[in-house]
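The values are calculated or read from the model by the stated rules, or taken from the named source; none is laboratory data. Here the structure is a predicted model, which means the values were calculated and not measured. Cβ placement follows ideal geometry from the backbone for every residue including glycine, while neighbour counts extend to all protein chains displayed. For the accessible areas, the whole protein counts, side chains as well, though only heavy atoms, and no ligand, DNA or RNA atoms are used. Shrake-Rupley method; radii C 1.70, N 1.55, O 1.52, S 1.80 Å.
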Amino acid sequence: MAANESLNHDEAPVLEALERYHEADELAFTPPGHKQARGADPRVTKVLGEAVFLGDVLASGGLDDRLSRQQILERAQRLMADAVHAEHTYFSTCGSSLSVKAAMLTVTAPHRRLLVGRDAHKSVIAGLILSGVEPVWVSPAWDPERHLAHPPTAESFEEAFEAHPDADGALVTSPTPYGSTADLNGIADVCHRRGKPLIVDEAWGAHLPFHDELPTWAMDAGADICVTSVHKMGSGLEQGSVFHLQGDLIDPAVLASRADLLGTTSPSVLLYAGLDGWRRQMVQHGEQLLDDALRLAADTRAAISDIDGLHVDGAEDYCGPGRAADLDPLPVVIDLSALGTTGYRAADWLRTRHHIDMHLFDHRRISAQLTYADDEASVARLLDALRDLSRHAADLTDAPGVDVPDPDELRMKQASLPRDAYFADLEDVPVEEAAGRIAAEMITPYPPGIPVVLPGERLTEPVLNYLRSGVRAGMNLPDAADSSLTTVRVTA
């Protein structure tokens, strides 16, 4: 885009280019091989429809010419940056799992240090393994009563920098999957007083820039790089992610290069189009859409609170000294403790009996993630199912319990770098013999995808008991070599 060209948010450069592509009747002797659905199996198009294939074109040499002279993607990214108060924006078709790795590799480098909240998503840990960066773990703000982690405080990052002044920067996750948020202004100040950049993994916060009643958006709080999954809280397609940059601590060309190092050379125009159209939708209608969503969330929270045995976690439960700084009300987190069952058991029951899929579930909670796409009809169905769940609580009390350790027992010693342990010589040992050994794998309850065990951590009995009891209760451990946890992968 030319420097003097004005920004017009009525435009959707990717979508409009795709429309022109079809109007021009472009004929491609290039990938993708289905050739505008002509080669697609009719049994596939019966389910997916032809529109998916019609939107699946090459980004360069298809949507744009071979030299990308129309700058279609660049224009769409610049509009996105303007919409969310960033200086630069980059689209990713590999999800925020790629975006956060690119951000980490821009801020730091192999054999150097990065402050990282220990409640980070597994994609962050994967970034540490790939890069060889040494993490300096910053403890979350633990709620021992609810057995729940909130983002680390600004004071915790201050202490970590004082102990490790050579760290290249910091990474914090906010909001958490439970909706609690960090004091991003305070953490950014801690970093910037030292001339260090702040990365915010704001995968759950795509909607935050578009309404004043929502928690503070990372760019407005002074973060240097922010990673956002538009497919989570926006209307982008799965894997649609953006990462934003501002300030002078990070070279935009370096960030783009790191993303190119990790990303695909065959990006999906479908995902680009979803990101582009969502930006236009939010600039034009986002405030009203979120007004409606916030009203619906408030009504839903009140209605669920009236159901016997259900407690909806709110700001009074999550926020305050030593806890979270703020709360996004759209994740409706429901504590089932009074029903005498687990979130795993309740979620399975709701899916089997009512065909309702909950967002996350743990030893005592389930969560319904609301967005502006929900309405009275979808919420009414949820409420009917939850009332039925309450009525059948007696049928659910046979759920195995989970042995959740105290917060200080969840933290294990990092005995070696995650990369060194992951690539070390390995052996699988019976879980009964794993305590004291160094883990060579991630073990992650999913959702929400926050690892309990990291490569390089020395395993302890309380953590192993927690995971074993969790598996018996229905916990999903998809990244463990043995998801039943009969054995654990350790360094030889």
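In table form, for the structure just shown:
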quantity: Computed lengthening from Asp251 to His192, 0.36 nm per intervening residue step minus Cα-Cα distance; calculated: 19.7 nm
quantity: Over segment 338-466, equivalent-ellipsoid semi-axes from the Cα gyration tensor in Å; calculated: 37, 17, 11
quantity: Against the rule of thumb 2.2 N^0.38 Å, how large the Cα Rg of segment 362-420 comes out; calculated: 1.85
quantity: Rg over Rh, two decimals, segment 6-164 (C-alpha only, Kirkwood Rh); calculated: 1.12
quantity: Long-range HN-HN contacts of Ala141 with modeled amide H, under 5 Å; calculated: His150, Thr153
quantity: Cα pair count fraction exceeding 20 Å, expressed as % - segment 285-361; calculated: 43 percent
quantity: Of all DSSP beta bridges in the chain, antiparallel share, percent nearest 5; calculated: 65 percent
quantity: Cα principal axis extents for segment 1-83, largest first, Å; calculated: 48, 25, 19
quantity: Among 58-64, 330-336, 73-79, the order from most to least packed when residues are scored by Cβ within 10 Å on average; calculated: 330-336, 73-79, 58-64
quantity: J(HN,Hα) series, segment 357-362, from Karplus relation 6.51 cos²θ - 1.76 cosθ + 1.60, nearest Hz, glycine and proline x; calculated: 9, 7, 6, 9, 7, 9
quantity: Probe 1.4 Å - accessible area at Asp406, Å² to nearest ten; calculated: 80 Å²
quantity: Unit Cα scatterers, Debye sum, segment 187-257: log10 I(q)/I(0) for q = 0.19, 0.27, 0.28 Å⁻¹; calculated: -0.79, -1.19, -1.23
quantity: Interatomic Cα distance distribution for segment 209-305, bins of 10 angstrom, percent; calculated: 13, 35, 35, 13, 4
quantity: P(r) histogram, all alpha-carbon pairs of segment 100-226 included - 5 Å bins from 0, percent; calculated: 2, 12, 23, 24, 21, 12, 4, 1, 0
quantity: Alpha-carbon centroids, segment 236-281 and segment 26-68: separation in whole Å; calculated: 21 Å
quantity: Placed amide H near Arg365: partners under 5 Å, 5+ positions off or other chain; calculated: Leu336, Gly343
quantity: Long-range Cα-Cα pairs in segment 146-214 (distance over 17 Å), rounded percent; calculated: 44 percent
quantity: Share of carbon and sulfur in the accessible heavy-atom surface of the chain [1.4 Å probe, %]; calculated: 49 percent
quantity: FRET efficiency, His164 to Ala394 (Cβ-Cβ, R0 45 Å, nearest 0.05); calculated: 0.30
quantity: Dipole magnitude of segment 356-486, debye to nearest 20 (Cβ charges: Lys/Arg +1, Asp/Glu -1, about Cα centre); calculated: 240 debye
quantity: Thr216, Thr487, Thr444, ranked by accessible area, largest first (probe 1.4 Å); calculated: Thr216, Thr487, Thr444
quantity: Heavy-atom accessible area per residue - the chain, 1.4 Å, Å²; calculated: 42 Å²
quantity: Cβ-derived FRET efficiency at R0 60 Å, Asp299 paired with Leu7, nearest 0.05; calculated: 0.95
quantity: Spin-label model distance (nm) - Ala435 vs Ala28, 7 Å beyond Cα toward Cβ; calculated: 5.8 nm
quantity: Whole-number Å³ per residue for the convex hull built on Cα positions in segment 137-294; calculated: 136 Å³
quantity: Overall Cα dimensions of the chain, principal axis frame, Å, largest first; calculated: 64, 55, 45
quantity: Gap separating the Cα centres of segment 125-161 and segment 378-442, nearest whole Å; calculated: 18 Å
quantity: Segment 418-492: projected area of the alpha-carbon convex hull, averaged over directions, in nm²; calculated: 4.2 nm²
quantity: Inverse mean reciprocal Cα-Cα distance (Kirkwood Rh) of segment 37-105, Å; calculated: 14.8 Å
quantity: Percentage, to the nearest whole number, of Cα pairs in segment 285-328 over 12 Å apart; calculated: 68 percent
